[in-house]
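These notes concern the structure reproduced below.
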């Protein structure tokens, strides 16, 4: 007989979730992890992927002071900021290659980044396409040349080397003597022969695929929340959490986009990887307004579609649409008092705030100032206008007629989705 109920629960979960948990990291996953946490892969050797995607905060932004204000993170070069809050890098590898699905009225599904611009068309994996972006983005890791990424990875003392995973010739490149200087210089360029340049392109793809392999591992996609334990029949939810789950799947309509049903025996991902304009207000603390002016608008998916001739005709109807994020780990934080930011621009500072917005967006009057913060909007009993009114989803949120107690119940259910319960 087991003397510990917790031990019994652990054994049950081990059998139920063993495919997700795996038996440690494979070589390619370990390589991807080393790259993911390597701060040397930035122009000032001060920023890694994990700097904006920290596991302790649900693989998103880990600095509380930033989350409490603009919610976008400073890059390797001081004073340069992104435009949006870092999305979670967990449960992202399941997103399919971006495609337009005509059934059901037509919608875009897949890709990565909030705008879907990492389509997955290049490497067959949106997470891998996405991994190539921040290294070279002047607002993020800001390296001037993808050859710099390859050089640093090839010369790093990782537990598993690039050559081990991808072959001995992956790093067989004749580097110029000034490569380090060029890689520390904005606008620098690493001059290579045509053959070496081609090998760099191949190695850069291998690096991205390695990162995606780690992001798809059981270490990142742990499926170890209390909700997973509940699905396994190992624990029960409280009455309030059960109420929240019923509302999530029913009256609150959350599950229409944040799908909560398992498919083909797989645990639910709490996203359908589609895009939606929810009318989220402008975040007045976003530093993008200092750089671009108060007239700047986040075009989201529509802005990306406008760059693609085959989809440009649908751009206008998708302006303001952002990727539907997974709700797994939505409340994961170092401690209960730690402030996370929610929505693509971090406008909301609590789960209660964003649930209340979904519930009352179309009920409350419009704030006089479109740059009203969440705290001021709640105090004034109003919500600021959306950036793109024409494409706002008016069917699935805005006037849900939830009580305050029902909002609280949904929040309590969302808290059960944090990994690390077992």
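Quick note: the coordinates plus some simple rules give every number you see, no bench work behind them. Only a predicted model underlies this, so the values are computations on that prediction, with no experimental measurement involved. Glycine gets a Cβ as well: all are built from the backbone with ideal geometry, and neighbour counts include every protein chain shown.
Sorted on the mean count of surrounding Cβ atoms within 10 Å across their residues, most packed first, peptides 344-356, 174-186 read 344-356, 174-186. With each label modelled as a point 7 angstrom along the Cα→C-beta vector, the residue 181-residue 263 pair spans 5.4 nm. What FRET efficiency would be calculated for the residue pair residue 194, residue 394, taking the C-beta separation as r and a Förster radius of 51 Å, to the nearest 0.05? E(calc), rounded to 0.05, equals 0.40. Seen from all directions on average, the stretch 307-361 presents a Cα convex hull projection of 5.5 nm². Rounded to the nearest 5, the antiparallel percentage of DSSP beta bridges internal to the chain is 80%. Measuring spread by the Cα atoms of the chain yields a radius of gyration and Dmax of 22.2, 69 Å. Calculated from the alpha-carbon coordinates, the stretch 226-417 shows an Rg and a Dmax of 17.5, 53 Å respectively. Its DSSP H runs of at least 4 residues, each contributing -39,500 (n - 2.57), put the calculated 222 nm mean residue ellipticity of the chain at -9000 deg cm²/dmol, to the nearest 500. Shape class for the stretch 108-188, computed from the alpha carbon gyration tensor (a ≥ b ≥ c): oblate, with a/c not under 1.5 and a/b at or below b/c.
Apply the a/c threshold of 1.5 to the C-alpha gyration tensor of the stretch 14-127 and tell me whether it is rounded, prolate or oblate. Since a/c reaches 1.5 but b/c is at least a/b, the shape of the stretch 14-127 is classed as oblate. Available extension along the chain between residue 97 and residue 289 is 65.9 nm, counting 0.36 nm per residue and deducting the alpha carbon span. What is the chain's relative contact order, in percent, from Cα pairs under 8 angstrom and six or more apart in sequence? This gives 20 percent for the chain. Computed on the stretch 226-417, with alpha-carbon pairs under 8 angstrom and 6+ residues apart, the relative contact order is 30 percent.
With a point put 7 Å past each Cα toward its Cβ, work out how far residue 238 is from residue 107 in nm, to one decimal. Those two pseudo-labels are separated by 3.2 nm. Can you compute the label reach from residue 363? Point 7 Å from Cα along the Cβ direction, backbone N cut-off under 18 Å, restricted to the stretch 243-260. Taking a point 7 Å out along Cα→Cβ of residue 363, the residues of the stretch 243-260 whose backbone N falls under 18 Å are 244, 247-254.
With r as the distance between the Cβ atoms of residue 45 and residue 201 and R0 = 25 Å, compute the FRET efficiency 1/(1 + (r/R0)^6) and round to 0.05. Efficiency at R0 = 25 Å is approximately 0.60. In terms of the Cα gyration tensor, with a ≥ b ≥ c the square roots of its eigenvalues, is the stretch 170-210 rounded because a/c is under 1.5, prolate because a/b exceeds b/c, or oblate? Judged from the Cα gyration tensor, the stretch 170-210 comes out oblate (a/c at least 1.5, b/c at or above a/b).
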